[in-house]
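J.: This is the structure, below, for whatever I ask next.
The values are calculated or read from the model by the stated rules, or taken from the named source; none is laboratory data. Note that the structure is predicted; figures quoted are calculated from it, not measured. For neighbour counting, all protein chains shown are included, and Cβ atoms are generated from backbone atoms with ideal geometry for every residue, glycine included. Note: areas computed on protein heavy atoms with side chains; ligands, DNA, RNA excluded. Shrake-Rupley method; radii C 1.70, N 1.55, O 1.52, S 1.80 Å.
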Amino acid sequence: AGLPESGKYAYASWSEDQELIALTNTTDAGVELWVIDVVKQSATKLTSASLNANMGSPFYWLKGDQSLLVKMMPSSKESLLDSKTSIPGGPTVSVNDGKKAQNRTYQDLLKNPTDEQNFDALAESQLYSVDLNGNANQWMGTGIYSRISESPDGNYIMIGRVTRPYSYLVPYRRFPTTYNLYNKSGELVKHFIDIPLVEDLPKGFMSVITGPRNFSWRADKPATLYWAEALDGGDPAAEVEFRDAVYQQAAPFTEVPKLISKTKLRYAGISWCKDDLAIGYEYWWNSRMERTTIIDPSNPMKEPVLLSERNYQDRYSEPGDFVTEMNDYGRRVLVEDSGSLFLIGDGYSKKGKFPFVDRLSLADNTTERIYHSKETERLEDLSSAIDIRKGIVLTRLESASEFPNYYKRNIMTGDLSPVTQFGNPFSSIQNVHKEVVTYTREDGLELSATLYLPVGYDKESKEKMPMIMWAYPREYKDKSSASQTTANSNSFTYPYYGSAIYWVNRGYVVLDGAAFPIVGEGDEQPNDDFRSQLVSNAKAAIDAVDDMGYIDRDKVAVGGHSYGAFMTANLLSHSNLFAAGIARSGAYNRTLTPFGFQSEERNYWEAPEVYYDMSPFMHADKMKTPLLLIHGEADNNSGTYPMQSERYFNALKGLGATVRLVMLPKESHGYRARESIMHMLWEQDQWLEKYVKNRTKTKGEIRP
């Protein structure tokens, strides 16, 4: 009761006791703060439409659940300047003092002093403490607040505040930021650190800043900060024994920080338990390696105990995630029971997904499997532990036609009791035939995809139908990981806005999630052989379904989004396998992303032939297949700015290709407006009907 009709709600957040939910409601006048009392089933508006939600969630629950820290619009806010009509005060000047600043091609950057003023006007807030009766008191003055983080005991609050100078090369998250610690009254306790503008990191995906980073509060302590610092200068090319060191500092933050441990790979986080027990995580992208260790935070001289060191792309060997529970501070810590920890894993294997629960003995670091799913007709997903000591977990069960529902499972007795009873909202496709098919690429690599047959299709008569293949390439450093599959025929058939599954109702076979691994083992990089591996993946998939007798291979379309669109354009340029293609929000000229893209770490000047060979724009003269290009006009994804599709379309048009470009207004990298999505589906349907289902081969055309 009490919520406004047709509200536009966002940023829902539970209180610590989980009896209240805070959320925003956006109106024509601005953004309001509301609180729902779950017990009373009533809602109350706490503020007027004065919140500033331009930088993410504009509120933060404070310890005790009786008040929130809220970002409000400054009381004396100046009008925004219009960058399109304001008179410039002079030229825009950018300089570099000789340092290398190899950054991705970020979108929506500041471009001039007018943009800087607009950014201030949009991002600046004042912090207020607002209680559950709506009483508001100013807690801190005007600033651009990028982070609010309260200590577990509620006595300290870390505030991150963006400062000048701004940059025209990188997003605001890499602008100078000051971090200070305050008490509950908003009084400064300690200046923690000033992080400078970050424009010139060392080359490589594993490069980091020097000095403290990734700082947070220990979950098992009342008020202890911890953070990582690079021991290799932040440079992945440096040869060192240890990459990072992890430090901690307890309230009142006057003692010298204490070392917790050092990591051989790049620091990736800690799961806390108690004084002498925590789990440390580290990883290294270049080798796709991750390490998990047992550390003793009270004794940095004690050698961490290695639990696992593995290729994180190897899904079949995943050891699972450690089970946590809420402690007295309202933070999640590891569950320890009689000298043991617990892990919940997905349990992927060649036979399918069979989740498990393991008990890890801290005495000898061995694991005992205490539960292993035996579900064969349904897909099981262990969502979380309710009370692992008693064997009670929350699990989700589904099948191809059974909508996912949650259950409480006792892993000791096998008892299963329903928690939810959701019905299937997609009845029109609930009986469609679905199966995971496996096949082999010409080099022997095992691949897989999920095959859907048209609604009402007669498998006995095997009428040859048109097919849509939807895919997304992924890079691997070893063939073993590349050949693994996580697809499951028992997963619920759940269409989303960009899905190709809708076309089972239009008489098409759909091959969804077709595996498109790009493998580069040893010193070889995956992209060194990108195009030929793409074509081999596509041919193997088409051959597999054609051998089953379901398709007319002269009527096969391929489509993808983002890197999948890049894949589509390359396939149409360098093969004769498809009747048409659909490419959404892609990048087609890699010289416009010269300092790396996707998993390519080399810059253009180090591997110009790779950038050239992989760019469909450079091979536009080879395009002989109808291509539908769709892009959001406001795409802010790194590398896929709208100009990529616009320039590619102009090149294809100039060379006489059959191509259509659809620019969706106000849309970013993914599409959200109902009008945009419905129009996108219509465009795709018209394209497929004309150039795939009803296509006619041109005279002299040769197709494999």
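J.: Within region 491-537, work out how many residues are more than 23 Å from Q686 (Cβ to Cβ), buried (at least 18 other Cβ atoms within 10 Å of the Cβ) and of a type in the set (A, V, I, L, M).
T.: The qualifying residues number 5.
J.: Look through region 263-299, keep the residues that are open to solvent by less than 50 Å² (accessible area, probe 1.4 Å) and among the hydroxyl-bearing types (S, T, Y), and return whichever of them is nearest to E601 (Cα to Cα). Steps first, answer last, please.
T.: Step one: list which residues in region 263-299 are open to solvent by less than 50 Å² (accessible area, probe 1.4 Å), which gives 263, 265-267, 269-273, 277-280, 282, 284-285, 288, 291-297.
Keeping just the survivors that are among the hydroxyl-bearing types (S, T, Y) gives 263, 267, 271, 292-293.
On the way: T263: 23, Y267: 20, S271: 30, T292: 25, T293: 28 Å.
So the residue we want is Y267.
J.: Please go through region 164-202 and give me each residue that is charged (D, E, K, R), in contact with a Pro (Cβ under 8 Å, 6 or more places away or on another chain) and closer than 29 Å to E282 by Cα, ordered by number.
T.: Of everything in region 164-202, just one residue is charged (D, E, K, R), in contact with a Pro (Cβ under 8 Å, 6 or more places away or on another chain) and closer than 29 Å to E282 by Cα, namely D194.
J.: Let me ask something else. Could you check Y182 against (1) under 30 Å from S42 (Cα atoms); (2) more than 31 Å from the chain's Cα centre (by Cα); (3) open to solvent by less than 30 Å² (accessible area, probe 1.4 Å) and say which number it fails?
T.: Here Y182 meets the rest and fails (1).
J.: Name every residue in region 148-179 that is open to solvent by 20 Å² or more (accessible area, probe 1.4 Å), touching a Phe, Trp or Tyr at 6+ places or on another chain (Cβ under 8 Å) and under 25 Å from R331 (Cα atoms), in order of residue number.
T.: I148, D153, Y156, R161, Y179
J.: Please go through region 113-144 and pick out each residue that is in a strand (DSSP E or B), farther than 15 Å from Y182 by Cβ and open to solvent by less than 30 Å² (accessible area, probe 1.4 Å).
T.: Once the filter is applied, which keeps residues that are in a strand (DSSP E or B), farther than 15 Å from Y182 by Cβ and open to solvent by less than 30 Å² (accessible area, probe 1.4 Å), region 113-144 yields S125, V130, I144.
J.: Also, I was wondering about something else. Within 19 Å of L511 (Cβ to Cβ), of a type outside the set (D, E, K, R) and buried (at least 16 other Cβ atoms within 10 Å of the Cβ) - does that describe any residue in region 395-405?
T.: Quick first cut of region 395-405, residues within 19 Å of L511 (Cβ to Cβ) only: 400.
Narrowing the set further to residues that are of a type outside the set (D, E, K, R) leaves 400.
Among the residues that remain, those that are also buried (at least 16 other Cβ atoms within 10 Å of the Cβ) are: 400.
The answer is yes, given that some residue of region 395-405 is within 19 Å of L511 (Cβ to Cβ), of a type outside the set (D, E, K, R) and buried (at least 16 other Cβ atoms within 10 Å of the Cβ).
J.: Mind counting the residues in region 622-655 that are over 20 Å from A557 (Cα atoms) and without any contact (Cβ under 8 Å) to a residue 40 or more places away in the chain?
T.: First pass over region 622-655, keeping only residues over 20 Å from A557 (Cα atoms): 632-644, 646-647, 650-651, 653-655.
Retained after the next criterion (residues that are without any contact (Cβ under 8 Å) to a residue 40 or more places away in the chain): 633-634, 642, 646, 650-651, 653-655.
Result for region 622-655: 9.
J.: A further question follows. Filter region 648-701 down to residues that are more than 27 Å from the chain's Cα centre (by Cα) and of a type in the set (A, V, I, L, M) and give me whichever is surrounded by the fewest Cβ atoms within 10 Å (Cβ to Cβ).
T.: Checked region 648-701; the qualifying residue surrounded by the fewest Cβ atoms within 10 Å (Cβ to Cβ) is L655.
J.: Residues in region 540-553 that are closer than 30 Å to E609 by Cα and surrounded by fewer than 17 Cβ atoms within 10 Å (Cβ to Cβ): how many? Steps first, answer last, please.
T.: Keep residues of region 540-553 that are closer than 30 Å to E609 by Cα, which gives 540-542.
Then drop every residue that is not surrounded by fewer than 17 Cβ atoms within 10 Å (Cβ to Cβ), which leaves none.
Of the residues in that region, 0 qualify.
This table checks each residue for (1) closer than 30 Å to K479 by Cβ; (2) assigned to a strand (DSSP E or B).
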| residue | (1), (2) |
| --- | --- |
| P300 | no, no |
| E303 | no, no |
| S308 | yes, yes |
| P319 | yes, no |
| E325 | no, yes |
| D328 | no, no |
| I344 | yes, yes |
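J.: Further question on the same structure: I'd like to check something: does region 529-536 contain any residue that is assigned to a strand (DSSP E or B), charged (D, E, K, R) and at pLDDT 95 or above?
T.: Taking region 529-536 as the starting set, the residues that turn out to be assigned to a strand (DSSP E or B) are none.
Checking region 529-536: not a single residue is assigned to a strand (DSSP E or B), charged (D, E, K, R) and at pLDDT 95 or above.
J.: Among the residues of region 509-551, count how many are more than 28 Å from the chain's Cα centre (by Cα), among the hydrophobic types (A, V, I, L, M, F, W, C) and under 16 Å from F578 (Cα atoms).
T.: Final tally of qualifying residues: 6.
J.: Does A557 satisfy the criteria of being in a helix (DSSP H, G or I), touching a residue at least 12 places away in the same chain (Cβ under 8 Å) and surrounded by 24 or more Cβ atoms within 10 Å (Cβ to Cβ)? It would help to see each step written out before you state the result.
T.: Working: in a helix (DSSP H, G or I): no; touching a residue at least 12 places away in the same chain (Cβ under 8 Å): yes; surrounded by 24 or more Cβ atoms within 10 Å (Cβ to Cβ): yes.
No; evaluated as a whole, the condition is false for this residue.
J.: A further question on this structure: Just to be sure, is E683 in contact with an Asp or Glu (Cβ under 9 Å, 6 or more places away or on another chain) and modelled with pLDDT of 95 or more?
T.: On the way: in contact with an Asp or Glu (Cβ under 9 Å, 6 or more places away or on another chain): no; modelled with pLDDT of 95 or more: yes.
In short, no.
J.: Have a look at L688, L681 and point out the one that is more than 16 Å from T568 (Cβ to Cβ) and in contact with a helix residue (DSSP H, G or I) (Cβ under 8 Å, 6 or more places away or on another chain). Give the derivation first.
T.: Working: L688 fails: more than 16 Å from T568 (Cβ to Cβ).
Checking each option against the conditions leaves just L681.
J.: Being out of contact with any helix residue (DSSP H, G or I) (no Cβ under 6 Å at 6 or more places or on another chain), open to solvent by less than 70 Å² (accessible area, probe 1.4 Å), of a type in the set (D, E, K, R) and farther than 27 Å from I260 by Cα is the filter here; which residues of region 300-354 pass it?
T.: Residues satisfying the conditions are D346, K353.
J.: Would you point out the residue of region 607-623, among those that are assigned to a helix (DSSP H, G or I) and in contact with a Leu (Cβ under 6 Å, 6 or more places away or on another chain), that is most open to solvent (accessible area, probe 1.4 Å)? Full working, then the answer.
T.: Just the residues of region 607-623 that are assigned to a helix (DSSP H, G or I), to begin with: 608-614, 616-622.
Keeping just the survivors that are in contact with a Leu (Cβ under 6 Å, 6 or more places away or on another chain) gives 620-621.
On the way: A620: 5, D621: 90 Å².
For region 607-623, the residue satisfying everything is D621.
For (1) on the phi < 0 side of the Ramachandran plot; (2) modelled with pLDDT under 95; (3) of a type in the set (A, V, I, L, M, F, W, C), each residue gets a yes or a no:
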{"site": "K8", "(1), (2), (3)": "yes, no, no"}
{"site": "D17", "(1), (2), (3)": "yes, yes, no"}
{"site": "I36", "(1), (2), (3)": "yes, no, yes"}
{"site": "L46", "(1), (2), (3)": "yes, no, yes"}
{"site": "N52", "(1), (2), (3)": "yes, no, no"}
{"site": "Q66", "(1), (2), (3)": "yes, no, no"}
{"site": "S79", "(1), (2), (3)": "yes, yes, no"}
{"site": "V95", "(1), (2), (3)": "yes, yes, yes"}
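J.: Right, next: May I ask you to say which residue of D321, D296, D346, D314 is of a type in the set (D, E), at pLDDT 95 or above and closer than 20 Å to V246 by Cα? Break it down into steps so the answer makes sense when it comes.
T.: Values: D321 fails: closer than 20 Å to V246 by Cα; D346 fails: closer than 20 Å to V246 by Cα; D314 fails: closer than 20 Å to V246 by Cα.
Sole residue among the options that is of a type in the set (D, E), at pLDDT 95 or above and closer than 20 Å to V246 by Cα: D296.
J.: So is N576 part of a loop (DSSP other than H, G, I, E, B) and under 30 Å from D458 (Cα atoms) or not?
T.: Working: part of a loop (DSSP other than H, G, I, E, B): yes; under 30 Å from D458 (Cα atoms): yes.
Yes, satisfied.
J.: Still on this structure, please answer the following. Could you list, in sequence order, all residues of region 626-640 that are open to solvent by 10 Å² or more (accessible area, probe 1.4 Å) and either touching a Leu at 6+ places or on another chain (Cβ under 8 Å) or of a type in the set (D, E) (or both)?
T.: E633
J.: Within region 221-249, can you find the residues that are open to solvent by 30 Å² or more (accessible area, probe 1.4 Å), out of contact with any Leu (no Cβ under 8 Å at 6 or more places or on another chain) and touching a residue at least 24 places away in the same chain (Cβ under 8 Å)?
T.: Within region 221-249, K221, P222, L231, G233, D235, A237 qualify.
J.: Any residue at all in region 591-606 that is of a type in the set (S, T, Y), in a loop (DSSP other than H, G, I, E, B) and out of contact with any Lys or Arg (no Cβ under 8 Å at 6 or more places or on another chain)?
T.: We begin by selecting, within region 591-606, every residue of a type in the set (S, T, Y); these are 591, 593, 599, 604.
Narrowing the set further to residues that are in a loop (DSSP other than H, G, I, E, B) leaves 593, 599, 604.
Now drop any that are not out of contact with any Lys or Arg (no Cβ under 8 Å at 6 or more places or on another chain), which leaves 599.
Yes, region 591-606 has at least one match.
J.: Continuing with this model, one more query. Taking region 562-602 as the search range and keeping residues that are aliphatic (A, V, I, L, M) and open to solvent by 10 Å² or more (accessible area, probe 1.4 Å), which one is nearest to S207 (Cα to Cα)? If you could, list the steps in order and put the result at the bottom.
T.: Narrowing region 562-602 to residues aliphatic (A, V, I, L, M): 565, 567, 569, 571-572, 577, 579-580, 582-583, 587, 592.
Still in the list and also open to solvent by 10 Å² or more (accessible area, probe 1.4 Å): 577, 592.
Values: L577: 41, L592: 22 Å.
Per the stated criteria, the residue is L592.
J.: Taking the options S585, S575, S638, S615, name whichever one is on the phi > 0 side of the Ramachandran plot and hydroxyl-bearing (S, T, Y).
T.: On the way: S575 fails: on the phi > 0 side of the Ramachandran plot; S638 fails: on the phi > 0 side of the Ramachandran plot; S615 fails: on the phi > 0 side of the Ramachandran plot.
Step by step, each of S585, S575, S638, S615 is checked, and only S585 is on the phi > 0 side of the Ramachandran plot and hydroxyl-bearing (S, T, Y).
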